[in-house]
Amino acid sequence: MIYFETERLIARDYLASDYLPFSQMNADEEVMKYFPARLTTNESNALLNRNQEELTSRGYGLFAIEEKSTGEFIGFAGFHEATFEADFTPCIEIGWRLKRSVWNQGYATEAALGALAFAKENTSINEIYSFTATLNKPSEQVMQKIHFTKVAIFEHPALENGDPLKPHVLYKA
């Protein structure tokens, strides 16, 4: 199913042909630089399955993102329910992850704006957050480009004290 389209992208369900590029993206050291660890093939496949299950059950989630001009899977963008313990959770977060070869082309911003328009027209979501490690300046820039406002800095409870990824920025639509 196609959920939305932008000028250059299609947000759709996951396909069997997405497993390999999804796994390669999640195993890429640069792509996963601001996450606790790269994913194994099994972990990546399980994540893809969870993403698709959420799309099927909710009608929204972390959409597979395809480049229109090539038909190529390039990553995901969309929504997920954050449930870790914090004063703003549970909440709906918007997020994105794209393979390295398509970085710096505005795709993350384009996909996020498309997802936000989809949510406004097709869901009852009324509050959307976004967060990342304070070190992840590229994702923080996307948050600013999609007109989110920085509301806090917090310590991510799933990460150990002393982990350089523990301090996070929190943005809200």
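The values are calculated or read from the model by the stated rules, or taken from the named source; none is laboratory data. Note that the structure is predicted; figures quoted are calculated from it, not measured. We place every Cβ from the backbone using ideal geometry, glycine too, and count neighbours over all the protein chains shown. Just so you know, the surface numbers come from the protein's heavy atoms only, side chains and all, with ligands and any DNA or RNA stripped out. Shrake-Rupley method; radii C 1.70, N 1.55, O 1.52, S 1.80 Å.
A count restricted to segment 46-97 and to residues that are under 13 Å from the mean Cα position of the chain (by Cα) and more than 25 Å from residue 148 (Cα to Cα) stands at 2. Would a scan of segment 7-26 turn up a residue that is outside any helix (DSSP H, G or I) and either closer than 20 Å to residue 132 by Cβ or of a type in the set (S, T, N, Q) (or both)? Looking for residues that are outside any helix (DSSP H, G or I) and either closer than 20 Å to residue 132 by Cβ or of a type in the set (S, T, N, Q) (or both), one finds none in segment 7-26, hence no. Here residue 113 passes the criteria (1) modelled with pLDDT of 95 or more; (2) within 14 Å of residue 172 (Cβ to Cβ) except the one numbered (2).
Scanning segment 19-37 for residues that are under 15 Å from the mean Cα position of the chain (by Cα) and farther than 17 Å from residue 102 by Cα yields 34, 35. Taking the criterion of being within 30 Å of residue 57 (Cα to Cα), of a type in the set (Val, Ile, Thr) and either open to solvent by 100 Å² or more (accessible area, probe 1.4 Å) or free of Cβ contacts under 8 Å to residues at least 60 places away in the same chain (or both), the residues of segment 117-148 that qualify are 128, 142, 146.
Checking the stated criteria, residue 32 turns out not to satisfy the condition of being closer than 20 Å to residue 111 by Cβ and either surrounded by fewer than 14 Cβ atoms within 10 Å (Cβ to Cβ) or of a type in the set (Ser, Thr, Tyr) (or both).
The set of residues from segment 149-163 being open to solvent by less than 90 Å² (accessible area, probe 1.4 Å) and closer than 19 Å to residue 33 by Cβ comprises 156, 158, 159, 162, 163. A Cβ distance below 6 Å, combined with a sequence gap of six or more or placement on separate chains, defines the contacts here; from segment 99-114, residues that are at positive phi reach no residue that is open to solvent by 20 Å² or more (accessible area, probe 1.4 Å) and among the aromatic types (Phe, Trp, Tyr). The number of residues in segment 40-60 that are surrounded by 19 or more Cβ atoms within 10 Å (Cβ to Cβ) and touching a Leu at 6+ places or on another chain (Cβ under 7 Å) comes to 1. Filtered by the rule that a residue be over 25 Å from residue 56 (Cβ atoms), in contact with a Phe, Trp or Tyr (Cβ under 9 Å, 6 or more places away or on another chain) and among the basic types (Lys, Arg), segment 1-42 gives a lone residue, 8. If the condition is being within 22 Å of residue 123 (Cβ to Cβ) and either aromatic (Phe, Trp, Tyr) or in a loop (DSSP other than H, G, I, E, B) (or both), then segment 27-66 contributes 59, 60, 61, 63. Listed residues 81, 93; which is assigned to a strand (DSSP E or B), in contact (Cβ under 8 Å) with a residue 12 or more places away in the chain and open to solvent by 40 Å² or more (accessible area, probe 1.4 Å)? None of the others qualify; the one that does is 81.
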